[in-house]
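Notes follow the structure.
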Amino acid sequence: MRLYSYFRSSSAWRVRIALEYKGVAYERVYVHLRKGGGEQRSPDFLKISPLGQVPVLEITGERGLSCITQSMAILEYLEETHRTPPLLPSDPVERARVRELAEIVNSGIQPLQNLSLQNELSVRGIDGAPIARAYIEAGLSAIEALARPVAGRFLVGGSVTFADVLLIPQLAAARRLGVDVEGFSLLRRVEQECQALPSFRTASPDAQPDREPAA
Ligand SMILES: N[C@@H](CCC(=O)N[C@@H](CS)C(=O)NCC(=O)O)C(=O)O
């Protein structure tokens, strides 16, 4: 497998965590999202990711090489093809809870902080940072409230799930964008649990060969 990744991309980070947690061997291809206007806009990259986004997972299937975009689709693919250790609970209600929390990040927060939207707003003379911060705060508050009755060592129960996989990169993005996360005590406790795991450490931006000093 090959993962097209950028060290700071929160969506690529999700996939790195899942690959490391499941012990799947993979090669990395680095796509610099800022250099020269962004390598994600190159004609070659747009052929495999028409939206010009990382992550992309290249796999060898029955029809030869193919590429999967969208981190949630990639996570579901990895879960179905590498069942252990699982990242979804066996209980359907808990599974729904995990996907609910993951979707708050995936569709309720991340698109509003993403580079292309922020660039587009800036071209129109709008400062997108306060808007991103408002959605991050609302989304993290919702996750903290929804997870409180179901959390164990991790967000949903005692094992790592997709919800934790999406939370960790999102908390880092929140801090980078100036959101005060101190008040999210459950989320910060779960973050500490995750950061104690080797797979989360290996997947972190600081551990990536393409990492750069903080901007
Ligand atoms: N829904 C997509 C979002 C992917 C995404 O937004 N990727 C960002 C990095 S986190 C990106 O490649 N941005 C490049 C750009 O906006 O130009 C996913 O989950 O994979």
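The values are calculated or read from the model by the stated rules, or taken from the named source; none is laboratory data. If you're wondering where the values come from, they're calculated on a predicted model, not measured in any experiment. With ideal geometry, Cβ positions are generated from the backbone for all residues, glycine too; neighbour counts draw on all protein chains shown. Please note that ligands, DNA and RNA were not included when accessible areas were found on the heavy atoms of the full protein model with its side chains. Shrake-Rupley method; radii C 1.70, N 1.55, O 1.52, S 1.80 Å.
Some notes on this structure:
- Hey, P85 modelled with pLDDT of 95 or more, of a type outside the set (D, E, K, R), assigned to a loop (DSSP other than H, G, I, E, B) and within 16 Å of the ligand (Cβ to nearest atom) or not: no
- Boolean, A18 is open to solvent by less than 70 Å² (accessible area, probe 1.4 Å), within 10 Å of the ligand (Cβ to nearest atom) and not in a loop (DSSP other than H, G, I, E, B): no
- Residue among R124, R148 that alone is over 28 Å from S199 (Cβ atoms) and not aliphatic (A, V, I, L, M): R124
- Residue selected from region 39-53 under the condition in contact (Cβ under 8 Å) with a residue 40 or more places away in the chain and open to solvent by less than 40 Å² (accessible area, probe 1.4 Å), by the criterion farthest from the ligand (Cβ to nearest atom): F45
- Residue list for region 188-198, restricted to those being open to solvent by 10 Å² or more (accessible area, probe 1.4 Å) and assigned to a helix (DSSP H, G or I): R188, R189, E191, Q192, E193, Q195, P198
- Residues of region 66-117 that turn out to be within 19 Å of C194 (Cβ to Cβ), touching a strand residue (DSSP E or B) at 6+ places or on another chain (Cβ under 8 Å) and polar (S, T, N, Q), as a count: 0
- Scanning region 21-53 for residues that are assigned to a helix (DSSP H, G or I), closer than 19 Å to S66 by Cα and touching a helix residue (DSSP H, G or I) at 6+ places or on another chain (Cβ under 9 Å) yields Q40, F45, L46.
- Flag for E27 being in contact with a strand residue (DSSP E or B) (Cβ under 6 Å, 6 or more places away or on another chain) and either within 12 Å of the ligand (Cβ to nearest atom) or modelled with pLDDT of 95 or more (or both): yes
- Restricted to region 94-187, the set of helices (runs of 4 or more DSSP H) holding at least 2 residues that are open to solvent by 30 Å² or more (accessible area, probe 1.4 Å) and of a type in the set (S, T, N, Q) comprises 115-123.
- Considering region 54-80, the residues that are at pLDDT 95 or above and open to solvent by 70 Å² or more (accessible area, probe 1.4 Å) include one that is farthest from the ligand (Cβ to nearest atom), namely E80.
- Any chance S159 is closer than 21 Å to F200 by Cα and hydroxyl-bearing (S, T, Y): yes
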